1. Just to be sure before I move on: is Ile16 within 16 Å of the ligand (Cβ to nearest atom) and in contact with a strand residue (DSSP E or B) (Cβ under 9 Å, 6 or more places away or on another chain) in the structure I sent?
2. Filter the stretch 25-47 for residues that are modelled with pLDDT of 90 or more and not in a strand (DSSP E or B) and give the result.
3. Here's a check for you: in the stretch 33-61, which residue that is β-branched (Val, Ile, Thr), loosely packed, with under 10 Cβ neighbours inside 10 Å and under 13 Å from the mean Cα position of the chain (by Cα) is farthest from the ligand (Cβ to nearest atom)?
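The values are calculated or read from the model by the stated rules, or taken from the named source; none is laboratory data. On a predicted model such as this, the values are computed, not experimentally measured, just so you know. Cβ atoms come from the backbone with ideal geometry, glycine included; neighbour counts cover every protein chain shown.
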Amino acid sequence: MAEMPGMGAMKMAAKIGGTDDPKVMVLTPNQPLTPGKYNVEWRAVSTDTHPITGKITFTVK
Ligand SMILES: [Cu+2]
């Protein structure tokens with residue numbers, strides 16, 4: 001069976017924590033990452049109250 005775009009995409013819950021470095025945010029997935037492609041979309045409020053967002057993609061082999 002061919003894999004179709006968007007097929008198999010699931011949302012995964014994660015714990016989010018801050019660190020001593022205000023530029024660093026730590027996300028810990030609630031379950032082990034099995035091989036595959038992952039997209040992380042994040043949103044935070046900066047110290048000057050502006051919302052900032054970002055997106056990173058990585059692959060687990
Ligand atoms: Cu700002």
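1. Values: within 16 Å of the ligand (Cβ to nearest atom): no; in contact with a strand residue (DSSP E or B) (Cβ under 9 Å, 6 or more places away or on another chain): yes.
Criteria not met by Ile16.
2. Of everything in the stretch 25-47, those that are modelled with pLDDT of 90 or more and not in a strand (DSSP E or B) turn out to be Asn30, Gln31, Pro32, Leu33, Thr34, Pro35.
3. Thr59
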